[in-house]
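For reference, the structure discussed in these notes is given below.
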Amino acid sequence: MAFPDLEMMHVLRRAAFGARPEELADFSKRGLAETIDEFINFTRVADDVDDKIGTPGYVGTTSNGAFSPSTVINDARQRWLFRMVHSRRPLQEKMALFWHNHFATAYSKVSGNTNALDGTRMMAAKRSEHPGKLQGQLELFREYALGNFRDMLVEVAKDPAMLVWLDGRTNTRRQPQENFGREIMELFTMGVGFYTEPDVYAAARVFTGWNLQRVGSGDDTNGYYQFQYIANNHETTAKDFSFSIYADGSKTIPARSAANGMQDGLDLIEALARHPETGRRLARKLWNFFVSETNQPDEFLIRRLASTYQTSGFSMAAVMQMLLTSRDFLSPANHFTKYSWPAEFVVKSLKEVGHAGFSVNTALTPLANMGQQLFEPPDVAGWDLGRNWFSTGAMLARMNFAATLTANQRFNISEGARGKGPTPEALLTMYLEQLSPATYDRAAYNDLLDYLRTGGTWTGNDAQIGIKAPGLLHLIVGSSEYQFV
Amino acid sequence: MSFTRRDFVRGGVSAFTLGFAAPQFLCDIAQAQGAGSRNLVVIYLSGGNDSLSMLIPYADPSYVSRRPTLNIPAGQVLQIGSDSAGNRLGLHPRLTGLRAMFNQGRLALIQRTGYENSSRSHFTGTDIWSTASPANSQGAGWLGRYLDTIPAPVDPLAAWNTTGQTPHALLANTVSVPAIPNPATYAFGSPNTGSNAVDERTFATRISSHEPVNRPHLAFVNSTAQAAFATLDRVASVAAYAPSVAYPNNGFAQALRAVAGVLARGIGTRVFWVQTGGYDTHSAQNTLNGSYAALMTTLNDGLLAFYTDLSNQGLLSQTLVLQFSEFGRRIQENGSQGTDHGAASVMMAIGGQVRGGIYGTAPNLNPADSSNPTLENGGNDVRYQTDFRSVYSRVIDNWLGGNSASILGGDFRSGAPNIL
């Protein structure tokens, strides 16, 4: 193992959310192949991360009264951040974040059309937390993190939050409503350019009747919404598409009785999952999320990923296995070529700077200022990624989060740096090994050293370290180099 | 003129801002680039505005039958007369402030704006309106391309985006537009205090001042950081602005309040971006008293406060407000008392030098007439009459002093409404 283990650090930034120093040492000892294998086959690892919330040694949470992530959205946001920091199944959380952006659903509309309690449940409840075994959308994404994409599409189409978000509840036989029918083609599967406007109208008719029912009365706090196919609302005539729906090339979903009409939607979802462009589009999105945003996708790899997607019967585990073991993924040319999402930046900095005594609640407002409030994507297309994360206001928010975190960790930072700074060079070298910014060019590196040297002779004594060590970490975490993963 | 680095930083200027040929005081740049001169405030109603409920052809014989639950009764619209074809029109009842502007001749309403083969996708539609390019809606935006034509060095506050993320229309090739959702929190924090905090700002500015070798993506983030440092102090001066009227306490109105602050301080910003959402009214639109009425209230009250504030300060004649949305909505209401994605919409222009009035003609909402040239998509949607790019061309040529043909990549001047 080379030290620092640059390849492993790259894998952990991408397939996980970075690593604490002791986690990095552990993964390095086990090696790349075993680590990636375990990330993909994550069900081998106990799903015990939520049990750690509120215990010493872990990042903190802050709540009004009892911590209740299945009923209070602010707590749900904290629980998800907690999982990103501490889950031993990090790729599962990474994929959940990917799917949250892919099937972007916003709490504000879901709760606005119901109420805060139902909205939070629909976004984030665990089955075990609800008497009706209601599964919130995030738990759906975790369950299908590396699952079968077609099956996930079916579950998404039946997902209560999605039915509220894209108005499926009001899509009826008499007046079909296009919102979901359009987005399942434009955003969830094949993308613009592969369907027509008449396809949108036909898809809207296909999903008529996919609706919700309320279990329990309106003022029953254990009441909830669950999927229900309402045959009476289904439009039963045949639906013609511009692309093939069935394996024999037929482009028409046949007329069916209302009672059997739910099969229309299952047929369309199967066709959309199988459409050649869906696999390619997913492969390109995964390239941008895991491999690079600045280097163009390798078309050969995209073809292989799309092919694997088809031959495996839409298995995302098979696709990710191929991607994470590809030469492109590991290539040094692709290190630090992804603009970190705000959540990635925040979690990486917590893991690398430290979080003893820090509450993830403190990160929620900064995250919103950086442009990523969890459970609140700006619209159904998800967040504007890449460069678009980096407006001036968002960049200031990142620098300011670095300031907040280093101020909060001042004691721990000073303790950790005590006696480690006989020279400015020694202190800087220690931090550049502990943190993972992209390489600083010589001029920027010298600026970091000059910062340590400015304002008086370097002594490395406790008083000086108490100011300069947090200040230096603030500069590193707030620098452009640190914004890449 | 001489100055120390410290003065420089305090003055909100970085000597190292990428693209600056030479150090120079920002106030010089700002003055040279037009402090106190014309500005454009673009207002984007996101989600696809149901403009038939904003500017209502209430006398159309098909209006009520196609909007059985969503129509505004004729007796409740704010009548503003008729268009050139004799269609009687009224504003939504909540738009009382806009009607006052209309009566003062300072509000122009441009009916049926759009383009051929209108996209029904929010994202493609927004890209097309942002780039003014239906054929290829990638790349820099139309306002970004205008900013690219300003001679360097460009003041980092030449444009001001009041939202958190840079909208596509403001994406430029050479200019980075600051995102300032809230001037009060647009500041540089530090774990330390006093001179130690000042040191951090100094060195953070320096670290981002270098052009990294062979890493354009890193250079981009550095340029963003530099733009932030170069704007901090002037933005702080706007945060202290005391307006002459009370603005409503919502994001839209507070953004306009900040814009008024920038104008009152003479910062020199030429282009502002303000956005307000909620217009994707697929269900429960409740045009008269519910969610759409709330949208109109937000729009009206924010614009009225802004208009009054600028009037009080003598700033109205240098300001042009231009409103758009990515598409209009389906004429026939759907089964959920809402409207689906449609085609042409209404643009508005407001300002002290605007020629107010009604431009273009309303659609004939009768779907049965197959030769009806004002509809498309089988009579379901409103067909455009005025190419939105001709409106842009008028704004660029007659207001911003640019060359619309080169900025828009074509000459769209013919047929432009005579709003300026």
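Could you grab me the full set of residues in region A:113-146 that are without any contact (Cβ under 8 Å) to a residue 24 or more places away in the chain and open to solvent by less than 60 Å² (accessible area, probe 1.4 Å)?
Of all residues in region A:113-146, those without any contact (Cβ under 8 Å) to a residue 24 or more places away in the chain come to A:115, A:127-128, A:133, A:135, A:139-140, A:143.
Result: A:Q135, A:E139, A:L140.
So which residues in region A:3-52 are aromatic (F, W, Y), touching a residue at least 60 places away in the same chain (Cβ under 8 Å) and assigned to a helix (DSSP H, G or I)?
Result: A:F39, A:F42.
Check off (1) closer than 20 Å to A:W389 by Cβ; (2) open to solvent by 60 Å² or more (accessible area, probe 1.4 Å); (3) of a type in the set (K, R) for A:K338 and give me the number that stays unchecked.
That leaves (2) as the condition not met.
Specify which of the listed residues (B:G314, B:G302) is over 25 Å from A:N179 (Cα atoms) and assigned to a loop (DSSP other than H, G, I, E, B).
Unique residue meeting the criteria: B:G314.
Looking only at region B:127-165, count every residue that is part of a loop (DSSP other than H, G, I, E, B), among the aliphatic types (A, V, I, L, M) and in contact with a strand residue (DSSP E or B) (Cβ under 8 Å, 6 or more places away or on another chain) and tell me the total. Reasoning before the result, please.
Applying the first criterion (part of a loop (DSSP other than H, G, I, E, B)) to region B:127-165 yields B:132-141, B:149-158, B:162-165.
After this cut, where a residue has to be among the aliphatic types (A, V, I, L, M) as well, the list is B:132, B:135, B:140, B:150, B:152, B:154, B:157-158.
With the extra rule that they be in contact with a strand residue (DSSP E or B) (Cβ under 8 Å, 6 or more places away or on another chain), the set shrinks to B:158.
Qualifying residue count for the region: 1.
Is it the case that A:P470 is facing another protein chain (nearest Cβ under 8 Å), in contact with a Ser or Thr (Cβ under 7 Å, 6 or more places away or on another chain) and closer than 27 Å to A:A368 by Cα? So that I can check it myself, show each step before the final result.
Numbers: facing another protein chain (nearest Cβ under 8 Å): yes; in contact with a Ser or Thr (Cβ under 7 Å, 6 or more places away or on another chain): yes; closer than 27 Å to A:A368 by Cα: yes.
So A:P470 passes the test.
Considering each of B:A187, B:A132 in turn, give the residue that is out of contact with any Ser or Thr (no Cβ under 8 Å at 6 or more places or on another chain), of a type outside the set (D, E) and on the phi > 0 side of the Ramachandran plot.
Details: B:A187 fails: on the phi > 0 side of the Ramachandran plot.
Residue meeting the stated conditions: B:A132.
Counting residues that are facing chain B (nearest Cβ under 10 Å), which helices (runs of 4 or more DSSP H) fully inside region A:305-421 reach at least 2? Give the steps one after another, and end with the answer.
Details: elements: A:316-324, A:327-330, A:342-353, A:361-370, A:392-408, A:410-417.
In region A:305-421, A:361-370, A:392-408, A:410-417 are the helices (runs of 4 or more DSSP H) which contain 2 or more residues that are facing chain B (nearest Cβ under 10 Å).
A:L301: out of contact with any helix residue (DSSP H, G or I) (no Cβ under 6 Å at 6 or more places or on another chain) and open to solvent by less than 30 Å² (accessible area, probe 1.4 Å), yes or no? Show your work before the answer.
Numbers: out of contact with any helix residue (DSSP H, G or I) (no Cβ under 6 Å at 6 or more places or on another chain): no; open to solvent by less than 30 Å² (accessible area, probe 1.4 Å): yes.
When the stated conditions are applied, A:L301 does not pass them.
Does A:P297 meet the test of being within 30 Å of A:S63 (Cβ to Cβ) and under 21 Å from the mean Cα position of the chain (by Cα)?
Working: within 30 Å of A:S63 (Cβ to Cβ): no; under 21 Å from the mean Cα position of the chain (by Cα): yes.
So A:P297 fails the test.
Going through region A:429-445 one residue at a time, which ones are open to solvent by 10 Å² or more (accessible area, probe 1.4 Å) and either touching a residue at least 12 places away in the same chain (Cβ under 8 Å) or assigned to a helix (DSSP H, G or I) (or both)? Reasoning before the result, please.
Narrowing region A:429-445 to residues open to solvent by 10 Å² or more (accessible area, probe 1.4 Å): A:429-430, A:432-434, A:437, A:439-443, A:445.
Across region A:429-445, the qualifying residues are A:T429, A:M430, A:L432, A:E433, A:Q434, A:P437, A:T439, A:Y440, A:R442, A:A443, A:Y445.
Please work out if B:V198 is more than 22 Å from the chain's Cα centre (by Cα) and at the interface with chain A (Cβ under 10 Å from one of its Cβ atoms). Even if it seems obvious, please write down each step before you answer.
Working: more than 22 Å from the chain's Cα centre (by Cα): yes; at the interface with chain A (Cβ under 10 Å from one of its Cβ atoms): yes.
Judged against the criteria, B:V198 is a match.
Counting just the residues of region A:473-483 that are within 7 Å of chain B (Cβ to nearest Cβ) and of a type outside the set (G, A, S), which one comes out farthest from B:T202 (Cα to Cα)?
Residues of region A:473-483 within 7 Å of chain B (Cβ to nearest Cβ): A:474-475, A:478-481, A:483.
From what's left, of a type outside the set (G, A, S): A:474-475, A:481, A:483.
Working: A:H474: 13, A:L475: 10, A:E481: 17, A:Q483: 19 Å.
Result: A:Q483.
So in region A:446-460, with the set limited to residues that are within 9 Å of chain B (Cβ to nearest Cβ) and part of a helix (DSSP H, G or I), which one is most open to solvent (accessible area, probe 1.4 Å)?
Of region A:446-460, the ones within 9 Å of chain B (Cβ to nearest Cβ) are A:447-448, A:450-451, A:454-455.
After this cut, where a residue has to be part of a helix (DSSP H, G or I) as well, the list is A:447-448, A:450-451.
Values: A:D447: 12, A:L448: 1, A:D450: 56, A:Y451: 1 Å².
Per the stated criteria, the residue is A:D450.
Evaluate the following for A:F411: is it closer than 20 Å to A:R20 by Cβ and open to solvent by less than 10 Å² (accessible area, probe 1.4 Å)? Please lay out each step first, then the result.
Details: closer than 20 Å to A:R20 by Cβ: yes; open to solvent by less than 10 Å² (accessible area, probe 1.4 Å): no.
For A:F411, the condition - closer than 20 Å to A:R20 by Cβ and open to solvent by less than 10 Å² (accessible area, probe 1.4 Å) - is not met.
I'm trying to understand the selection: among the residues of region A:152-175, which are open to solvent by 40 Å² or more (accessible area, probe 1.4 Å) and in contact (Cβ under 8 Å) with a residue 24 or more places away in the chain? Working first, answer last.
Just the residues of region A:152-175 that are open to solvent by 40 Å² or more (accessible area, probe 1.4 Å), to begin with: A:155, A:158, A:169, A:173-175.
Passing the criteria: A:K158, A:R169, A:R173.
Against the definition (under 28 Å from B:N312 (Cα atoms), touching a residue at least 40 places away in the same chain (Cβ under 8 Å) and in a helix (DSSP H, G or I)), how does B:A227 come out, yes or no?
No, not satisfied.
More than 9 Å from chain A (Cβ to nearest Cβ) and within 21 Å of the chain's Cα centre (by Cα): which single residue out of B:A258, B:A240 fits that description?
Values: B:A240 fails: within 21 Å of the chain's Cα centre (by Cα).
Being more than 9 Å from chain A (Cβ to nearest Cβ) and within 21 Å of the chain's Cα centre (by Cα) holds for just one of B:A258, B:A240, which is B:A258.
Counting just the residues of region B:370-420 that are part of a helix (DSSP H, G or I), touching a residue at least 60 places away in the same chain (Cβ under 8 Å) and hydroxyl-bearing (S, T, Y), which one comes out least open to solvent (accessible area, probe 1.4 Å)?
Taking region B:370-420 first, the residues part of a helix (DSSP H, G or I) are B:388-400, B:404-408.
With the extra rule that they be touching a residue at least 60 places away in the same chain (Cβ under 8 Å), the set shrinks to B:388-389, B:391-392, B:395-396, B:399-400, B:406-408.
Now drop any that are not hydroxyl-bearing (S, T, Y), which leaves B:392, B:406.
Working: B:Y392: 3, B:S406: 82 Å².
Step by step, filter region B:370-420, then rank; the result is B:Y392.
Which count do you get for residues in region B:351-369 that are among the β-branched types (V, I, T) and either at pLDDT below 95 or open to solvent by 10 Å² or more (accessible area, probe 1.4 Å) (or both)? Break it down into steps so the answer makes sense when it comes.
First pass over region B:351-369, keeping only residues among the β-branched types (V, I, T): B:354, B:358, B:361.
From the residues that got through so far, the ones that are either at pLDDT below 95 or open to solvent by 10 Å² or more (accessible area, probe 1.4 Å) (or both) too are B:358, B:361.
Counting residues in region B:351-369 that are among the β-branched types (V, I, T) and either at pLDDT below 95 or open to solvent by 10 Å² or more (accessible area, probe 1.4 Å) (or both) gives 2.
Specify which of the listed residues (B:R270, B:R265, B:R257) is modelled with pLDDT under 95 and either touching a Lys or Arg at 6+ places or on another chain (Cβ under 9 Å) or more than 24 Å from B:G90 (Cβ to Cβ) (or both).
Working: B:R270 fails: modelled with pLDDT under 95; B:R257 fails: modelled with pLDDT under 95.
Among B:R270, B:R265, B:R257, only B:R265 is modelled with pLDDT under 95 and either touching a Lys or Arg at 6+ places or on another chain (Cβ under 9 Å) or more than 24 Å from B:G90 (Cβ to Cβ) (or both).
For B:W399, only one of the following conditions fails: (1) within 14 Å of another protein chain (Cβ to nearest Cβ); (2) of a type in the set (F, W, Y); (3) in contact with a Leu (Cβ under 6 Å, 6 or more places away or on another chain). What is its number?
Here B:W399 meets the rest and fails (1).
Kindly provide the set of residues from region B:234-258 that are surrounded by 16 or more Cβ atoms within 10 Å (Cβ to Cβ) and part of a helix (DSSP H, G or I), ordered by number.
Answer for region B:234-258, where residues must be surrounded by 16 or more Cβ atoms within 10 Å (Cβ to Cβ) and part of a helix (DSSP H, G or I): B:R234, B:V235, B:V238, B:G251, B:F252, B:A253, B:Q254, B:A255, B:L256, B:R257, B:A258.
I'd like the residue in region A:472-481 that is not in a loop (DSSP other than H, G, I, E, B) and not charged (D, E, K, R) and, out of all such residues, is farthest from A:G419 (Cα to Cα).
Let us first name the residues in region A:472-481 that are not in a loop (DSSP other than H, G, I, E, B), namely A:472-477, A:480-481.
From what is left, the residues that are not charged (D, E, K, R) are A:472-477, A:480.
On the way: A:L472: 16, A:L473: 17, A:H474: 20, A:L475: 21, A:I476: 20, A:V477: 22, A:S480: 29 Å.
Among residues in region A:472-481 that are not in a loop (DSSP other than H, G, I, E, B) and not charged (D, E, K, R), the one farthest from A:G419 (Cα to Cα) is A:S480.
Taking B:I80, is it in contact with a Pro (Cβ under 9 Å, 6 or more places away or on another chain), at pLDDT 95 or above and open to solvent by less than 50 Å² (accessible area, probe 1.4 Å)? Spell out how you get there, then give the answer.
Values: in contact with a Pro (Cβ under 9 Å, 6 or more places away or on another chain): no; at pLDDT 95 or above: yes; open to solvent by less than 50 Å² (accessible area, probe 1.4 Å): yes.
No: the conditions fail for B:I80.
From A:A463, A:A426, A:A469, which residue is outside any loop (DSSP other than H, G, I, E, B), touching a Lys or Arg at 6+ places or on another chain (Cβ under 7 Å) and either open to solvent by 40 Å² or more (accessible area, probe 1.4 Å) or over 20 Å from B:F229 (Cβ atoms) (or both)?
Working: A:A463 fails: touching a Lys or Arg at 6+ places or on another chain (Cβ under 7 Å); A:A469 fails: touching a Lys or Arg at 6+ places or on another chain (Cβ under 7 Å).
Only one candidate qualifies: A:A426.
Okay, residues lined up against (1) under 17 Å from the mean Cα position of the chain (by Cα); (2) among the β-branched types (V, I, T); (3) within 14 Å of another protein chain (Cβ to nearest Cβ); (4) farther than 21 Å from B:N103 by Cβ:
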site	(1), (2), (3), (4)
B:F272	yes, no, no, yes
B:G278	yes, no, yes, yes
B:N300	yes, no, no, no
B:L304	yes, no, no, no
B:D309	no, no, no, no
B:N312	no, no, no, no
B:N334	no, no, yes, yes
B:Q337	no, no, yes, yes
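Within region A:64-93, work out how many residues are surrounded by fewer than 23 Cβ atoms within 10 Å (Cβ to Cβ) and outside any helix (DSSP H, G or I).
Within region A:64-93, residues that are surrounded by fewer than 23 Cβ atoms within 10 Å (Cβ to Cβ) and outside any helix (DSSP H, G or I) number 9.
The values are calculated or read from the model by the stated rules, or taken from the named source; none is laboratory data. It should be emphasised that the depicted structure is a prediction, and the values quoted were computed from it without experimental measurement. Because the Cβ atoms are built from the backbone with ideal geometry, glycine has one as well, and the counts that use them run over all protein chains shown. The accessibility values were calculated without ligands, DNA or RNA, using every heavy atom of the protein model including side chains. Shrake-Rupley method; radii C 1.70, N 1.55, O 1.52, S 1.80 Å.
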